[in-house]
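Asker: The following block contains the structure, expressed as C-alpha cells.
The values are calculated or read from the model by the stated rules, or taken from the named source; none is laboratory data. Predicted model only: the values in this text are computed from it and were never measured. Glycine also receives a Cβ, built like all others from the backbone with ideal geometry; neighbour counts cover every protein chain displayed.
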Ligand code: SDX
C-alpha cells in the first residue's frame with residue numbers, strides 16, 4: 001500500500017476523530033480499508049468479507065468468513081410487524097424514507113438494543129451482544145431495502161433465501177424483472193457486490209460523522225443507523241447518485257450540454273456527481289465504478305444517458321471553471337447509470353448506497369465504543385449573535 005501521509009501539526013489540531021478504519025488521501029487519490037487498497041479488495045475480496053474487515057480490523061480466515069456469512073444470512077428475516085409497518089407507508093413513499101423509519105423501528109423489537117431498558121452501557125460490556133447487532137443489521141438491511149422496492153412497485157414482499165449469497169439473495173428478493181423463480185445474471189451479482197465494496201466506507205463523511213455523533217450518547221445502533229441513513233439521504237451526499245440521473249435526463253442530449261454548463265457557471269445549477277471535500281484531483285472510486293459499468297452494459301445493454309454523461313464529463317474536465325475549482329467526477333457520477341441499466345427506479349439509488357455503508361457506520365460505531373476515552377460529542381460553537389439585552393414587552397414593540 002502507498003506510504004501514509006505525514007500529518008502536519010495544524011491538521012492534527014483540526015482533526016476531529018482519530019480512526020483506523022479507513023484512510024483517504026485526497027491529493028493522491030488513495031483509499032485504504034484497514035490498510036488494504038480498495039483496488040485490491042475489489043479484485044480479490046467480496047462485500048461480506050470487506051464488512052468483516054472494516055468492523056473487526058482484519059480479513060477473516062476461512063472459518064470466520066463462513067461463520068460470518070452464515071450468521072448474517074440467518075438474520076435476514078424481519079418480524080411480521082416490521083413488514084406490516086412497511087406496508088403501511090404510502091405507495092409512493094421514497095424508499096430511503098421507508099428504510100430510515102423501519103431500521104429505527106427495529107430497535108423496538110430487540111429490547112436488549114434499547115438503552116433505556118437494558119442500560120445504556122450494555123454494548124460496552126457485552127461484546128457478544130454487540131456482534132449480534134452487527135449481523136442482525138447487515139442481514140436485515142437487504143430485506144428492508146427489498147421490501148421498500150417491492151412496496152414501491154406495488155408487489156408482495158419476497159422472503160429471503162438464506163442458501164444464496166448475500167448480494168444474490170438481495171437481487172432475488174428485489175426480483176426486478178418480475179420473472180418467476182428469478183435468478184440474477186452472475187455478472188450483475190458480481191457488479192453489485194463490487195459496488196457494495198466501493199460504497200462501504202469513506203472515513204468521516206457526513207453520514208459516518210452522524211453515526212459517531214448519535215452513537216456517542218450510547219443510544220442503540222438501530223437508532224444511530226437511522227440517523228446516519230438520514231444524513232446519507234441528502235442530495236449533496238448519498239442522494240447524489242439519484243440527482244445525477246435526474247440531471248442527465250434534464251439535459252437530455254449532448255447538444256444541450258453547453259447551456260447546462262452555462263447554468264452551472266451562473267450558479268443556477270450544480271454539476272451533480274462532481275466535486276468532493278477531500279478528493280481534489282480525482283476520486284479513485286469513480287474509475288472503479290466506470291469499470292463495473294461497462295460489464296453491466298454488456299449484460300443489460302448500454303444506458304442511453306451514458307452518451308450525455310461521457311460528453312458532460314469531458315466538457316467539465318476541459319473547462320477551467322471546474323478545473324480551477326478542482327472539481328472531478330466522484331463516486332456518484334456513474335453509479336446511478338449502472339443502477340438504471342439494472343432496472344432500479346431512480347429513487348431507489350440512495351438505498352443502494354446506504355446498504356453497504358452500514359458496515360462502515362458499524363465499524364466506526366464499534367471503534368468508538370472500544371475507545372476508553374469515549375465521551376458524548378458536544379462540538380463548541382463561536383457565538384455571533386446579540387449581546388445580552390433587556391426584554392421588550394409586547395406593548396412597546398412596533
Ligand atoms: C459523497 O465526504 C465523503 O466522503 C462523501 C462521499 C462518501 O463516500 O461518503 O464521498 C460520498 O457524498 C460524494 C459527493 C456526492 N455529492 C455530489 O456529487 C453533489 C455535488 N457536489 C457538490 O455539492 C460538492 O462538490 C460537495 C458537496 C461534494 C463538496 O463540496 P465542498 O467541498 O464543500 O466544495 P465547495 O462547496 O467548497 O466548492 C468549492 C467551489 C465552490 O465554488 P466557489 O464558491 O469557490 O466559486 O466549487 C463549487 C462551489 O460552488 N462547486 C461546484 C460543485 N461542487 C463544488 N460547482 C458546481 N457543481 C458542483 N458539483
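Asker: Among the numbered conditions (1) touching a helix residue (DSSP H, G or I) at 6+ places or on another chain (Cβ under 8 Å); (2) modelled with pLDDT under 95, tell me where residue 145 comes up short.
Answerer: (2)
Asker: Tell me, please, whether a residue that is under 19 Å from the mean Cα position of the chain (by Cα), away from the ligand (no atom under 16 Å from the Cβ) and modelled with pLDDT of 95 or more can be found in segment 87-95.
Answerer: Yes, there is a match, as at least one residue in segment 87-95 is under 19 Å from the mean Cα position of the chain (by Cα), away from the ligand (no atom under 16 Å from the Cβ) and modelled with pLDDT of 95 or more.
Asker: Look at residue 192 and say whether it is touching a helix residue (DSSP H, G or I) at 6+ places or on another chain (Cβ under 9 Å), free of Cβ contacts under 8 Å to residues at least 40 places away in the same chain and surrounded by 15 or more Cβ atoms within 10 Å (Cβ to Cβ).
Answerer: So residue 192 fails the test.
Asker: Out of segment 280-311, which residues are over 23 Å from residue 198 (Cα atoms) and surrounded by 15 or more Cβ atoms within 10 Å (Cβ to Cβ)?
Answerer: 308, 311
Asker: Exactly one condition in (1) within 21 Å of residue 236 (Cβ to Cβ); (2) more than 17 Å from the chain's Cα centre (by Cα); (3) modelled with pLDDT under 95 is not met by residue 327; state its number.
Answerer: Only one criterion is unmet by residue 327, namely (3).
Asker: Filter segment 288-336 down to residues that are within 14 Å of the ligand (Cβ to nearest atom), closer than 19 Å to residue 353 by Cα and in a helix (DSSP H, G or I), then give me how many there are.
Answerer: The number of residues fulfilling the criteria is 7.
Asker: Taking into account only those residues within segment 126-162 that are in contact (Cβ under 8 Å) with a residue 60 or more places away in the chain and assigned to a loop (DSSP other than H, G, I, E, B), which is surrounded by the most Cβ atoms within 10 Å (Cβ to Cβ)?
Answerer: That would be 160.
Asker: Mind checking which pairs have a first residue in segment 260-278 that is within 14 Å of residue 316 (Cα to Cα) and without any contact (Cβ under 8 Å) to a residue 60 or more places away in the chain and a second that is within 8 Å of the ligand (Cβ to nearest atom) and assigned to a loop (DSSP other than H, G, I, E, B), Cβ under 6 Å, 6 or more apart or different chains?
Answerer: Listed by first residue and then by second, the contacts come to 263/269; 264/271; 274/327; 275/327.
Asker: Would you check if residue 270 is at pLDDT below 95, within 12 Å of the ligand (Cβ to nearest atom) and on the phi < 0 side of the Ramachandran plot?
Answerer: no
Asker: Test each condition in (1) modelled with pLDDT of 95 or more; (2) surrounded by fewer than 23 Cβ atoms within 10 Å (Cβ to Cβ) for residue 248 and report the one that comes out false.
Answerer: For residue 248, the exception is condition (2).
Asker: Across segment 216-242, what is the total count of residues that are in contact (Cβ under 8 Å) with a residue 40 or more places away in the chain, surrounded by fewer than 22 Cβ atoms within 10 Å (Cβ to Cβ) and closer than 21 Å to residue 16 by Cβ?
Answerer: Selection size over segment 216-242: 5.
Asker: Determine which member of the set 32, 48 is in contact with a helix residue (DSSP H, G or I) (Cβ under 8 Å, 6 or more places away or on another chain) and part of a strand (DSSP E or B).
Answerer: When all the criteria are applied, what remains is 32.
Asker: If you scan segment 204-215, which residues turn out to be closer than 12 Å to residue 368 by Cβ, surrounded by fewer than 21 Cβ atoms within 10 Å (Cβ to Cβ) and within 11 Å of the ligand (Cβ to nearest atom)?
Answerer: Selection gives 204, 209.
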